[in-house]
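Please treat every number below as a calculation from the coordinates, not as lab data. Remember, it's a predicted structure, so these values are computed and weren't measured experimentally. Here the Cβ positions follow ideal geometry from the backbone for every residue, glycine too, while neighbour counts run over all protein chains shown.
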C-alpha cells in the first residue's frame, strides 16, 4: 500500500506553523527590511518642535538687570523652531481659541512673518492651544545659547550683523519672514532667537536674579508688574541683540515688535 506509506512519511515531516516563515536553508541570507525615514515632528498649525537637550549653564551677565550670574539646571524640553507666524496664529483665531492680533498694515501681514502686537495673555492662550506653554526665562536663555554654551549670541561670540540677525540698520521697516537669517540659528536649529521680534516668556520681571529659581522653572512668586520679554527685534541695534538681554512689559501691552514662541515638555 504505497499511498499509505507516503502519507505517513509526510505526516512525520516538520512543517512550519501557520503565520510563520519556514526556516531558511543553510547559507540563505534573509533580506533586512529598509528603515523608514523619521517623521517630521510637527504640531498644530505646522509648528515644528525642536528638542533642546538638558544641562547646566551660567545664566545672565554682568550688565544691569542681567545679574548676578548664576548656575541653572535645565531639563530637556522642546521649543518651536520659529516665532509664531501670522499664518499659525490665524489658525488659532479660526479655531476660536485666540483673540485676533492687531493689524499693523501690509508690511507686517505676510504669512511667514512673526505675528506681532499680541499681549502676554494672547501668547499664553496660543501656546496652550498648540499643546505647549510659554518658556521660562531660564529655558529661553538656555536655548538662545545653543543649549547653554558660554556664548553671547546663538551662533557664538561673533557680533550681530545684517548677515545673522534681523536688526536695525539693515534696511528693515518691519519684521522679516522667520528663518531668513540661517547663519544666526542656534546649534539645535532655532531661528531668530535674537532680532526680528521680542518674545514673551512666562516669568514675572524682577530687576535682578537674586532669588531666581535655579531649576529652570519660571519665576512666578513674588509677582511683579511686568512680564519678561527676551531677544530684541528688528527695531533694536546690534548691541541689544544678545542672548542675555532682557526687558519687560505690562502683560496687556501690545506693539509692532513684540511676538513669542511656545515651548513644551520633552516628548
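Does segment 85-99 include one or more residues that are touching a residue at least 60 places away in the same chain (Cβ under 8 Å), outside any helix (DSSP H, G or I) and surrounded by fewer than 16 Cβ atoms within 10 Å (Cβ to Cβ)? No, there is no match, as no residue in segment 85-99 is touching a residue at least 60 places away in the same chain (Cβ under 8 Å), outside any helix (DSSP H, G or I) and surrounded by fewer than 16 Cβ atoms within 10 Å (Cβ to Cβ). Among the residues of segment 74-84, the one identified as exposed (fewer than 15 other Cβ atoms within 10 Å of the Cβ) and touching a strand residue (DSSP E or B) at 6+ places or on another chain (Cβ under 7 Å) is 76.
Checked against the criterion of being more than 14 Å from the chain's Cα centre (by Cα) and crowded, with 24+ Cβ neighbours inside 10 Å, the candidates 138, 165 yield just one match: 165. Over 27 Å from residue 152 (Cα atoms), touching a residue at least 24 places away in the same chain (Cβ under 8 Å), surrounded by fewer than 19 Cβ atoms within 10 Å (Cβ to Cβ) and touching a strand residue (DSSP E or B) at 6+ places or on another chain (Cβ under 9 Å), is that true of residue 43? Answer is yes for this residue.
Scanning segment 250-267 for residues that are surrounded by 23 or more Cβ atoms within 10 Å (Cβ to Cβ) and in a loop (DSSP other than H, G, I, E, B) yields 260, 261, 262. When 210, 183, 247 are screened for being out of contact with any helix residue (DSSP H, G or I) (no Cβ under 8 Å at 6 or more places or on another chain), surrounded by fewer than 18 Cβ atoms within 10 Å (Cβ to Cβ) and in a strand (DSSP E or B), only 247 passes.
Look at (1) part of a loop (DSSP other than H, G, I, E, B); (2) without any contact (Cβ under 8 Å) to a residue 40 or more places away in the chain; (3) in contact with a strand residue (DSSP E or B) (Cβ under 9 Å, 6 or more places away or on another chain); (4) closer than 26 Å to residue 48 by Cβ and you find that residue 222 fails only one, number (4).
Apart from one condition, residue 200 fits all of (1) surrounded by fewer than 20 Cβ atoms within 10 Å (Cβ to Cβ); (2) touching a strand residue (DSSP E or B) at 6+ places or on another chain (Cβ under 8 Å); the exception is (1).
Of the residues making up segment 148-162, just one is crowded, with 19+ Cβ neighbours inside 10 Å and on the phi > 0 side of the Ramachandran plot, namely 148. Every condition in (1) crowded, with 21+ Cβ neighbours inside 10 Å; (2) in contact (Cβ under 8 Å) with a residue 60 or more places away in the chain holds for residue 122 except the one numbered (2).
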